[in-house]
1. Using the Karplus curve 6.51 cos²θ - 1.76 cosθ + 1.60 with θ = phi - 60°, work out ³J(HN,Hα) for each residue of the stretch 199-207 in order, rounded to whole Hz, and write x for Gly and Pro.
2. Calculated from DSSP H runs of 4 or more alone, at -39500 (n - 2.57) each and per residue, what is the 222 nm mean residue ellipticity of the chain, nearest 500?
3. Could you size up the charge dipole of the chain around its Cα centre, putting +1 on the beta carbon of Lys and Arg and -1 on that of Asp and Glu, and report it in debye to the nearest 20?
4. Run a plain Debye calculation on the chain (Cα atoms as equal point scatterers, no solvent) and give log10 I(q)/I(0) at q = 0.11, 0.18 Å⁻¹, rounded to two decimals, same order as the q list.
5. For the stretch 9-51, compute Rh as the Kirkwood radius over C-alpha pairs and then the Stokes-Einstein diffusion coefficient at 4 °C and 1.567 mPa s; write the answer in µm²/s, rounded to an integer.
6. Using the Cβ atoms and a cut-off under 13 Å, what net charge is assigned to the surroundings of residue 25, where Lys and Arg are +1 and Asp and Glu are -1?
7. Select from 30, 47, 89 the residue farthest towards the positive end of the dipole of the stretch 12-137; place +1 on Cβ of Lys and Arg, -1 on Cβ of Asp and Glu, and compute about the Cα centre.
8. Which ³J(HN,Hα) values, rounded to whole Hz and listed in residue order, are derived for the stretch 61-71 from phi using the Karplus coefficients 6.51, -1.76 and 1.60 in 6.51 cos²θ - 1.76 cosθ + 1.60 with θ = phi - 60°, glycine and proline given as x?
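Where a number appears in this text, it was derived from the coordinates with a stated rule and is not lab data. Values in this document were obtained by computation on a predicted structure and should not be read as measured data. With ideal geometry, Cβ positions are generated from the backbone for all residues, glycine too; neighbour counts draw on all protein chains shown.
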Amino acid sequence: MLEVKDLKVAYGRVRAVKGISFSVEQGQVVTLVGTNGAGKTTTLKTISGLLQPESGEIWFDGRRIDGTPAHKILGLGLAHSPEGRKIFPRLTVEDNLKLGAFARRDRAGVAQDLERVYTLFDILRQRRTQPAGTFSGGEQQMLAIGRAMMSRPKLLMLDEPSMGLSPLMMQRIMSTITELQQEGVTILLVEQNAQAALSLADYGYVLEVGQVVLQDTGKSLLTDDKVRKAYLGED
Ligand code: ATP
């Protein structure tokens, strides 16, 4: 469904992504893990059209999308829940969610998806008329995921959904990812918490300074000695 081929991305003269290739099959949860500065966020921003690649190709759903404007990429069914959440604090929860559907004209479908988000996250329903800025970190994260779902994406990219969350909240977010997969959403998950991400991913790629250094099923990477030492804090 998504294929990234030899992608290179630079900020001025600094190359942050140095030729990475990976793919995501329909229905899978695929994760990119790696430490700070490995190039994970840059990769997601390039896929969603917020950054332009230096070279390489990005294919989504049978078409080449590198060079396509971000709003068109969203319209093709590829949504991005960014790092740091980027919700609108003064707008209500419901208005934040509706913004995720701004490009859609099918009102009935939008209403249905709003209901689906509220079913997944009851706290959003309970507080739908409150300003989103009053939410805790974990609640804002749910809102950001909910908003991305409102475009009814075929593929949902989540950047560090567990960042700054309590262990309990993190578990909740991780089980939500599994629920979304069961509903048929394909997911590309970027995480620094390798343990959590690899536990639920079908397939994973380990990034180091802009390159893929290891790739395998989530399960195999979890038990890989190098991964355990470098990313899971074991010696
Ligand atoms: P993190 O989890 O810390 O966000 P990451 O794996 O997502 O890490 P990126 O944010 O993609 O990594 O950063 C990759 C490299 O690009 C880093 O060396 C970073 O300093 C650099 N970089 C990121 N954004 C910019 C920018 N706007 N201008 C210049 N360099 C940048």
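1. Values, residue by residue: 5, 10, 7, 5, 9, x, 10, 9, 9 Hz.
2. For the chain, the value works out to -10500 deg cm²/dmol.
3. Charge dipole of the chain: 840 debye, to the nearest 20.
4. Relative scattering, expressed as log10 I(q)/I(0), comes to -0.54, -1.40.
5. Result for D is 112 µm²/s.
6. In short, -2.
7. 89
8. So the J values, rounded to whole Hz, are 6, x, 10, 7, 10, 5, x, 7, x, 3, 5.
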